[in-house]
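Novice: This is the structure I have questions about; it appears just below.
Quick note: the coordinates plus some simple rules give every number you see, no bench work behind them. Since the structure is predicted, the reported quantities are computational estimates derived from the model, not experimental observations. Neighbour counts run over all protein chains shown; Cβ positions are idealised from the backbone, glycine included.
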Ligand SMILES: [Zn+2]
C-alpha cells in the first residue's frame, strides 16, 4: 500500500543538516524542506482572507483543534471536513490538539484526558474525543495527543509521567488513525531530562507513525541543541521532524543544525501583532542587506515620512503595489484593518523566502557558514529577547492597549 506521506532526503544532505522533500500522495503535493507551517487561529491565517492568500506561498497549514471546540458541545458537525469549511481545499492541513504559540496551563492532565482551552473554557480531551474530531475534520495529518508540561516548577517524576502518558495516548490514537486512514505525527517528549528525551524518541520510533513532533515547549534555555539532539539522534532518518518551541529565526537555524525539517510559522504572526515587518535575509541575500535589524517597527513615527515600500526586493502584495512605510504607519495609527493585513502578507511571504534561502544554502553546502554570518550580522536585543517580543518604545502605551490585534 502506498504511504500517504513520503519523505526523501537529498543525496547530498549532510548527515544531520537535512534538505528534503515531503510528498503527500493523496493530494499529489510536494513540500520542500526545511519549511515552516503557516500559523492559523481557528483555521484562518490571521488578518487574511481567501483573496489575500492566493498569491502567498501557503502549502502546509497548522490547524489547532482546541480553538474549534466548544466547552460542552459533544458533537462535531462538519460534514464536508475542514478543508472545504476553511476554503483551504488545496492546502495540506496539519491538525494538532493545542496551539504551540499560546500553550498555557489551563488545568492539569490525567491518564484519561488532556486539558485544553476550548472556546467556552477548559475541556477534557480524551482519546475518544480526539478520534471523533479527527474523523469529522479529516486533516491530511494529525498529531497525536501529548502531555506537554506547562508547569513553571516540576519534579523529575512529572517528566517520566509525561513520556509514559504521551506514549499511551499515541497507541490509542494510532489504533483509531488506522481505522480512519489518517497519517499521524507523534510527539517526542522528555522536556529537560536527556534520558527521558532519548527514551521517548526510541519508544516512539518503534510505532508505525509517519513523522514526529519534537516537543521543546517550555524549555527556556539559550541553547536547545543538546535537547534537540537527544531526540533527533534517536529518530529514524527517513521520517520528517517538526519542532515546537523553535520559532525565531535563530532558533529555526539552530533546529536545522540539529536535524529538524519543519517549524511552526508563528514568527510571521508575532511580528505582525507587534506592528513589525520582517527585513532579515539569509545566505546570498544577506550580502545585499546592510541592515542590522531583523524587523522594522511600523508604529515608529520615524516612518511617518518614509515613502519607500517595506522592502524593494520583496515580491509580496504589500511591497509590489507598493504601499509605503508611511502609509502602513498611518494605517496602524488609525487602527485600520488594512495595516495588519499588509504586514501579515509581507511577513508570511518573507518567512517563506527565509526558508527558501536556507534550502539553497544547504544545497550549496554552506549552511553553517551562512548561519554564523547571520548570527553575527543581526545584533541580539537586550536580554536576548527577540525583536518581536520587545516592547516598542515608540508605541504610546494607550495606543498599544487599544490596538485591534489583541493577543
Ligand atoms: Zn513584502
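Novice: What list of whole percents do you get for P(r) of segment 1-44, with Cα-Cα distances grouped in 5 Å bins up to the one holding the largest distance?
Specialist: Percent of pairs per bin, in order: 5, 19, 21, 18, 19, 11, 4, 2.
Novice: D for segment 1-91, whole µm²/s, Stokes-Einstein with Kirkwood Rh over alpha-carbon pairs at 20 °C and 1.002 mPa s: what number? Kindly include the intermediate steps, with their values, before the conclusion.
Specialist: Details: Rh = 15.5 Å.
Reported coefficient: 138 µm²/s.
Novice: Additional query: Cα-based Rg (one decimal) and Dmax (whole number) for the chain, in Å?
Specialist: For the chain, the Cα-based Rg and Dmax read 20.8, 61 Å.
Novice: Here's another thing I want to ask about it. Modelled label-to-label distance, residue 124 and residue 26, 7 Å Cα→beta-carbon offset: nm?
Specialist: 3.1 nm
Novice: Continuing with the same structure: If you wrap a convex hull around the Cα atoms of segment 30-83, how much volume per residue is inside, in Å³? It would help to have the intermediate numbers written out before the result.
Specialist: Details: hull volume 6.3 nm³, N = 54.
Hull volume normalised by residue count: 117 Å³.
Novice: How big is segment 214-366 by Rg and Dmax over its Cα atoms, in Å?
Specialist: 17.2, 54
Novice: Here's a follow-up. Taking one equal scatterer on every alpha-carbon of segment 66-132, how large is log10 of I(q)/I(0) by Debye at q = 0.12, 0.22, 0.23, 0.27 1/Å?
Specialist: -0.35, -1.06, -1.13, -1.33
Novice: Under 16 Å from a point 7 Å along the Cα-to-Cβ line of residue 102: which residues of segment 18-59 have their amide N that close?
Specialist: What the label zone holds, given the 16 Å backbone N cut-off, is 39-48.
Novice: For residue 71, put the label point 7 Å out on the Cα→Cβ axis and report which residues of segment 106-130 keep their amide N under 11 Å from it.
Specialist: 118-123
Novice: Which ordering of 329, 317 is given by a fewest-first count of other beta-carbon atoms within 10 Å? Could the numbers behind the result be given before it?
Specialist: Values: 329 23, 317 20.
If I rank by nearby Cβ atoms, fewest first, I get 317, 329.
Novice: Could you work out Rg/(2.2 N^0.38 Å) for segment 127-281, with Rg from alpha carbons only?
Specialist: Values: Rg = 16.0 Å, N = 155, 2.2 N^0.38 = 15.0 Å.
Normalised Rg, Cα atoms only: 1.07.
Novice: Taking the chain as the reference, fit the longest principal axis to its C-alpha atoms, fit the long axis of helix 127-137 to the helix C-alpha atoms, and give the angle between the two in degrees, 0 to 90, nearest 10.
Specialist: 50 degrees
Novice: With the Cα gyration tensor of segment 214-274 giving a ≥ b ≥ c as the square roots of its eigenvalues, does the rule (a/c under 1.5 for rounded; else a/b larger than b/c for prolate; else oblate) give rounded, prolate or oblate? Intermediate results must be reported in sequence, preceding the final value.
Specialist: Numbers: a/c = 2.37, a/b = 1.64, b/c = 1.44.
Cα axes put segment 214-274 in the prolate bin.
Novice: Now a separate question. Roughly what would the spin-label model give for residue 312 and residue 326, points 7 Å off Cα along C-beta, in nm?
Specialist: So the label points at residue 312 and residue 326 sit 1.6 nm apart.
Novice: What do you get for the angle between helix 338-363 and the principal long axis of the chain? Use alpha-carbon atoms, 0 to 90 degrees, nearest ten.
Specialist: 70 degrees
Novice: Report relative contact order for segment 290-341 in percent, whole number only (criteria: Cα-Cα under 8 Å, sequence separation at least 6). Working shown, then result.
Specialist: Working: 50 pairs, mean separation 17.9, N = 52.
It rounds to 34 percent for segment 290-341.
Novice: A follow-up question, please. Normalised by the number of residues in the chain, what is the relative contact order in percent for Cα pairs under 8 Å and 6+ residues apart? Can you show the working numbers first?
Specialist: Values: 726 pairs, mean separation 62.2, N = 407.
It comes to 15 percent, rounded to a whole number.
Novice: Can you sort 181, 96 from fewest to most other Cβ atoms within 10 Å of each residue's own Cβ?
Specialist: 181, 96
Novice: Once the Cα atoms of helix 367-377 and of the chain are each reduced to a long axis, what angle between those two axes, in degrees from 0 to 90 to the nearest 10, is obtained?
Specialist: Relative to the chain, helix 367-377 is tipped by roughly 50 degrees.
Novice: Going by C-beta contacts inside 10 Å, put 98, 197, 168 in order with the fewest on the left.
Specialist: On the way: 98 25, 197 28, 168 14.
The most exposed by this proxy come first: 168, 98, 197.
Novice: I would also like to ask the following. Taking 0.36 nm per intervening residue step and subtracting the Cα-Cα distance, what contour gain separates residue 157 from residue 363 on full extension? Let's see the in-between values first.
Specialist: Values: separation 206, 0.36 × 206 = 74.16 nm, distance 4.30 nm.
Between residue 157 and residue 363, full extension yields an extra 69.9 nm.
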